[in-house]
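The values are calculated or read from the model by the stated rules, or taken from the named source; none is laboratory data. Because the structure is a prediction, the values reported are computed rather than measured. No Cβ is skipped: glycine too gets one built from the backbone with ideal geometry, and neighbour counts run over all protein chains shown.
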């Protein structure tokens, strides 16, 4: 799975980080860093909980795209 980051929606609540600080990296002001996140299988439940905790829906859970070819 991957987490799609919508930086324009992030308000710096840091609820994602509170759930999984090793997955969700924030800047010095508490906003999530740009870039989508590829989540390893063992981390998916925690990452999902962190993404769902965002009150602004700045984090979107998506399946990992299948390799082309």
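Assorted remarks:
- Any chance residue 30 is touching a helix residue (DSSP H, G or I) at 6+ places or on another chain (Cβ under 9 Å), at pLDDT below 95 and part of a loop (DSSP other than H, G, I, E, B): yes
- Hits in the stretch 50-69 - residues which are exposed (fewer than 15 other Cβ atoms within 10 Å of the Cβ) and over 11 Å from residue 2 (Cα atoms): 52, 55, 56, 57, 66, 67, 68, 69
- If you go through the stretch 28-41 and keep only what is closer than 12 Å to residue 15 by Cα and free of Cβ contacts under 8 Å to residues at least 24 places away in the same chain, you end up with just 30.
- Per-region count, the stretch 1-27, residues in contact (Cβ under 8 Å) with a residue 40 or more places away in the chain and in a helix (DSSP H, G or I): 2
- Identity of the residue in the stretch 21-38, surrounded by 15 or more Cβ atoms within 10 Å (Cβ to Cβ) and under 9 Å from the mean Cα position of the chain (by Cα), that ends up farthest from residue 62 (Cα to Cα): 32
- Within the stretch 51-69, the set of residues being in contact (Cβ under 8 Å) with a residue 40 or more places away in the chain and part of a helix (DSSP H, G or I) comprises 51 only.
- Yes/no for residue 44 being assigned to a loop (DSSP other than H, G, I, E, B), surrounded by 11 or more Cβ atoms within 10 Å (Cβ to Cβ), in contact (Cβ under 8 Å) with a residue 12 or more places away in the chain and out of contact with any helix residue (DSSP H, G or I) (no Cβ under 8 Å at 6 or more places or on another chain): no
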